[in-house]
Amino acid sequence: AQGSFLTFTSVRNPAAAMATPTGTSLPARVYYRGDKEVEEEIQLTRLHFTIDEKSGVATIFWNEPKKLNRLTVSLIMELQIVLEQCKRDDRVKALLWTGAGTAFSCGADFGDPTMVVDQEIVDGYNKAGKGAMPIVEGASDIALKGLVTQMMDLEKPSICACNGLAVGGSANFVLLLHDFVLCAPEAKFKYPFTSLGLTPEVGSSFILPAMIGMPAAKKMLMLGDWISAQEVKDVGLALDVVPQAELLPKARALAERLAASSATIGMQKRVIHANFWHRAFHLADAMQAEGETIIESMAQPAFREALKGFAKRAAKSKM
């Protein structure tokens with residue numbers, strides 16, 4: 001299993017405009033199954049994936065809008081499958097990410113352990129080092145070290161267009177793992193770790209302080225207040241805040257501009273990331289420590305009490 005936390009499906013953003021994927025989603029190419037390398041295709045159920053072969057831009061929607069694009073083990077596995085294809089596929093020169101509906105993602109779902117991807121494929125990606133990277137063999141990749149590592153090793157340009165709210169690990173995906181981020185005014189971010197008795201994940205314990213400084217990172221991670229699109233721009237995490245109607249067109253124009261110089265930018269990313277994340281900040285060691293600490297936090301009374309509260313709210317919502 002990949003591991004997951006709590007879902008925030010009670011959080012709504014009714015004022016946000018609806019972002020809708022266009023065109024038919026492509027099947028994703030699969031390269032690993034069990035102990036073998038393969039060439040197969042699967043239909044994605046949590047992502048909408050298209051490639052514009054003229055511009056070289058792959059567009060990936062988190063695509064479960066009725067559930068606010070919750071972060072589940074199935075979504076994480078599909079992200080890793082699509083990432084591996086985008087790395088290998090010569091048609092793809094740049095990646096553009098966004099969320100379908102009114103949210104980018106409400107955060108991780110603790111209550112849905114369902115894996116829709118064939119377990120042999122999951123095992124194959126894990127064995128090849130392209131999937132989960134648990135800190136202890138047989139455990140969950142609770143801090144999502146595998147996903148962070150894949151994103152940081154991605155040499156092709158990556159742009160995220162945040163259309164609405166993003167919570168917890170989803171906020172980290174938006175703000176920390178891409179080359180450029182554009183936000184609609186409706187975008188807002190929240191780190192609910194303290195209220196849940198949890199410690200940071202998805203690299204935020206070290207990537208966020210490295211990007212914006214320790215005091216600003218502590219404010220976001222420890223206080224757990226909502227953070228506006230303008231605030232993330234002001235601290236340098238977002239390139240710009242643009243009207244919702246202009247978000248995808250402007251993000252796509254940026255992706256196309258970067259795609260035109262994809263090879264050069266890839267070499268730039270390789271040397272920047274190697275010097276900064278791997279040599280200066282020791283990405284692997286930091287993710288190991290992050291995983292160990294969040295497992296420790298999940299054994300504490302504060303998290304167990306938060307989990308009980310979540311279970312009660314979930315039961316009431318089904319009545």
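Here is how the numbers come out for the structure above:
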{"item": "Distant alpha-carbon pairs in segment 196-240 (separation over 15 angstrom), percent", "result": "44 percent"}
{"item": "Max mean-square fluctuation residue, GNM over the chain, Cα-Cα springs under 10 Å, options Lys218, Lys93, Lys130", "result": "Lys218"}
{"item": "Cα-Cα P(r), segment 186-319, percent of pairs per 5 Å interval", "result": "2, 8, 12, 15, 15, 17, 14, 9, 5, 3, 1, 0"}
{"item": "Sequence of Arg257, Arg33, Arg70 when ordered by accessible area, the most exposed leading, probe 1.4 angstrom", "result": "Arg257, Arg33, Arg70"}
{"item": "Lys308 accessible area, assembled protein chains, probe 1.4 Å, Å²", "result": "110 Å²"}
{"item": "Estimated [θ] at 222 nm from DSSP helical runs (n ≥ 4, -39500 (n - 2.57)) normalised by residues in the chain, nearest 500", "result": "-12000 deg cm²/dmol"}
{"item": "Accessible surface ranking that places the most exposed of Glu37, Glu64, Glu290, Glu120 first, with a 1.4 angstrom probe", "result": "Glu37, Glu120, Glu64, Glu290"}
{"item": "Pairwise Cα inverse-distance average, inverted: Kirkwood Rh of segment 191-265 (Å)", "result": "14.5 Å"}
{"item": "Chain lengthening between Ile42 and Asp90 when straightened (0.36 nm per residue, less Cα-Cα)", "result": "15.4 nm"}
{"item": "Distance violations [Cα-Cα > 25 Å] among Lys87/Lys218; Lys67/Lys219; Lys36/Lys87", "result": "Lys87/Lys218; Lys67/Lys219"}
{"item": "3J(HN,Hα) from dihedral phi, segment 294-303, Karplus parametrisation 6.51/-1.76/1.60, rounded to Hz, x for glycine, proline", "result": "5, 5, 4, 5, 6, 8, 8, x, 4, 5"}
{"item": "For Leu71, residues with placed amide H under 5 Å, excluding near neighbours", "result": "Cys106, Gly107, Ala108, Asp109"}
{"item": "For segment 108-243, alpha-carbon Rg over 2.2 N^0.38 Å", "result": "1.10"}
{"item": "Principal axis dimensions, largest first and in whole angstrom, of segment 28-181 by Cα", "result": "39, 38, 25"}
{"item": "Per-residue HN-Hα couplings for segment 247-253 [Karplus 6.51, -1.76, 1.60; θ = phi - 60°; Hz; x = Gly/Pro]", "result": "4, 5, x, 6, 5, 5, 4"}
{"item": "Globularity ratio of segment 121-199, using Cα Rg and 2.2 N^0.38 Å", "result": "1.26"}
{"item": "From the C-alpha gyration tensor of the chain, square roots of 5λ in Å", "result": "27, 23, 21"}
{"item": "DSSP beta bridges in the chain [antiparallel fraction, %, rounded to 5]", "result": "40 percent"}
{"item": "Where Arg29, Arg304 fall by accessible area, highest first, once all protein chains stay in place (1.4 Å)", "result": "Arg304, Arg29"}
{"item": "Residue among Asp179, Asp89, Asp141 with the largest mean-square fluctuation in a Gaussian network model of the chain, springs linking Cα atoms under 10 Å", "result": "Asp89"}
{"item": "Residue of Phe49, Phe104, Phe276 that the Gaussian network model of the chain assigns the largest fluctuation, springs spanning Cα pairs under 10 Å", "result": "Phe276"}
{"item": "Other-chain or far-sequence residues with amide H under 5 Å of Cys162's (modelled H)", "result": "Leu182, Cys183, Ala184"}
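The values are calculated or read from the model by the stated rules, or taken from the named source; none is laboratory data. Note that the coordinates shown come from a computational prediction; the quantities given were computed from them, not determined experimentally. Surface areas here come from the heavy atoms of the whole protein model, side chains and all, with no ligands, DNA or RNA. Shrake-Rupley method; radii C 1.70, N 1.55, O 1.52, S 1.80 Å.
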